[in-house]
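Below: one structure, written as structure tokens.
The values are calculated or read from the model by the stated rules, or taken from the named source; none is laboratory data. Bear in mind the structure is a predicted one, so any value in this text is a computation, not a measurement. In this analysis, Cβ positions are derived from the backbone assuming ideal geometry, glycine residues included, and neighbour counts consider all displayed protein chains.
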Amino acid sequence: MLVVHVLPSVSEEASGPSYSVVRLCESLAEAGDTVTLTAMDWAPITNPSPVLRTFPMGLGPRRLGRSPAMARWLDEQARSGRISVLHNHGMWQMNAVYPGRVASRHGTPYMVSPRGTWSEWAMSNGSLLKRPFWHIVQRPSVDCVTCFHATADSEYEDIRRLGFRQPVAVIPNGVDIPPPIVKGEAQSRTLLYLGRIHPKKGLDQLLPAWGAVQARFPDWRLRIVGSDEGYYGSSGYMAELKTLAATLDLRRIEFSGALYGAAKWQAYADADLFVLPTYSENFGMVVAESLAAGTPSIVSKGAPWVGLIERRAGLWVDIGIDPLVAGLEDLLQRDPVELREMGLNGREWMALEYSWSSVGRKMSNVYRWLKGESSTVPACIRST
């Protein structure tokens with residue numbers, strides 16, 4: 001069974017879909033499926049995954065995502081009958097339109113993972129061209145979907161809210177569990193944000209919230225790790241945040257550039273608490289990573305992490321400055337031993353339910369069902 005995945009691009013930092021989709025493909029290959037991940041050659045990659053095949057970008061703005069070479073290859077493979085299932089990840093670029101057109105033309109089973117692009121926040125923010133692009137180009141290419149993939153219940157609801165009635169496979173992203181990491185010595189306790197520096201991440205709420213609690217917790221510092229480079233609509237946002245921090249007279253705050261690999265995992269381990277005050281997230285890989293590193297998290301309800309409370313691994317709070325302040329006041333005053341226990345609860349949770357081998361098996365079962373190789377409907381499928 002050849003499964004072809006389509007992703008706009010794969011970046012060197014291996015975060016977001018560049019991590020989750022690549023690891024999904026690798027876990028499928030480990031489970032015995034033949035997998036090809038297609039993407040545009042957006043930027044050079046030092047050690048590309050063996051499942052990755054890149055195509056040159058075509059003429060036009062990069063954000064349009066044109067790649068005639070990718071479109072031709074997909075059409076050739078589907079026409080010849082080589083593709084068993086076609087699986088697209090993401091929206092709003094031409095590379096996300098090609099798979100639907102190919103699947104419709106050749107009757108190929110077609111799966112789509114919106115990857116957070118259909119949340120109410122995402123649909124109402126961004127480029128002014130989003131709405132006409134949706135109605136004229138994107139929506140027609142999605143109508144032929146055989147089955148959708150949602151990483152959480154909230155994304156399942158987004159799919160239904162847009163009027164799609166096809167089956168939906170609800171399968172979370174997986175996460176790699178690093179070996180135990182020795183915590184570095186620090187003068188103060190650390191509240192960490194790590195991820196994209198982008199308006200949707202809610203950092204405009206985090207800074208005022210920190211301003212409201214900083215005097216009460218002088219033994220804590222706020223560390224913001226990430227970059228605003230390469231993300232449409234966020235370039236220059238870091239400068240805006242630094243200006244806001246100065247205006248609010250924030251103390252003990254540090255802005256760092258993006259961290260990758262071992263340095264990223266060390267940052268998680270060195271933190272006493274992780275925070276994600278996002279407005280909209282289909283999953284939130286950084287939350288899974290922080291928990292896998294043994295660091296408890298406080299996350300807004302813009303991300304689907306209600307399990308933080310059930311598993312005693314952190315807090316899940318309403319979107320807004322006041323709920324975030326209340327959550328921070330609750331957790332920052334807790335004993336370090338109690339926070340470490342919460343972090344260990346999270347690490348155990350990730351190892352038990354979010355391993356890539358488990359995610360890969362579930363997705364492979366869905367593919368075989370779509371292909372007609374199994375008459376048993378997978379447990380993760382929701383038809384209503």
For this session: Could you please let me know if residue 70 is without any contact (Cβ under 8 Å) to a residue 24 or more places away in the chain and crowded, with 16+ Cβ neighbours inside 10 Å?
Result: no
Problem set entry | Output for the range 88-107, where each listed residue is in contact with a Gly (Cβ under 9 Å, 6 or more places away or on another chain) and at negative phi | 88, 93, 94, 95, 96, 97, 106
For this session: State yes or no: is residue 30 crowded, with 17+ Cβ neighbours inside 10 Å, within 24 Å of residue 172 (Cα to Cα) and of a type in the set (D, E, K, R)?
Result: no
For this session: Residues that are farther than 21 Å from residue 327 by Cβ and assigned by TED's automatic domain parsing to the domain that holds residue 336: find the strands (runs of 3 or more DSSP E) completely inside the range 182-266 holding 1 or more of those.
Result: 253-256
Problem set entry | Scope the range 267-289; condition touching a Lys or Arg at 6+ places or on another chain (Cβ under 7 Å) and in a helix (DSSP H, G or I); matching residues | 269, 270
Seminar exercise, completed: Among the residues of the range 19-37, the number that are under 21 Å from residue 283 (Cβ atoms) and in contact with a Cys (Cβ under 9 Å, 6 or more places away or on another chain) is 2
For this session: Report the residue count in the range 101-141 for those that are under 18 Å from residue 158 (Cβ atoms) and touching a strand residue (DSSP E or B) at 6+ places or on another chain (Cβ under 8 Å).
Result: 5
Exercise. Which condition number in (1) surrounded by fewer than 18 Cβ atoms within 10 Å (Cβ to Cβ); (2) touching a Pro at 6+ places or on another chain (Cβ under 8 Å); (3) farther than 27 Å from residue 302 by Cβ is the one that residue 125 fails?
Worked result: (3)
Exercise. Could you list, in sequence order, the residues of the range 38-88 that are at pLDDT 90 or above and part of a helix (DSSP H, G or I)?
Worked result: 68, 69, 70, 71, 72, 73, 74, 75, 76, 77, 78, 79
Exercise. Can you name the residue in the range 304-345 that is in a strand (DSSP E or B) and not aromatic (Phe, Trp, Tyr) and, of all such residues, is surrounded by the most Cβ atoms within 10 Å (Cβ to Cβ)?
Worked result: 314
For this session: Read through the list (1) over 27 Å from residue 60 (Cβ atoms); (2) assigned to a helix (DSSP H, G or I), then give the number of the only condition that residue 149 fails.
Result: (2)
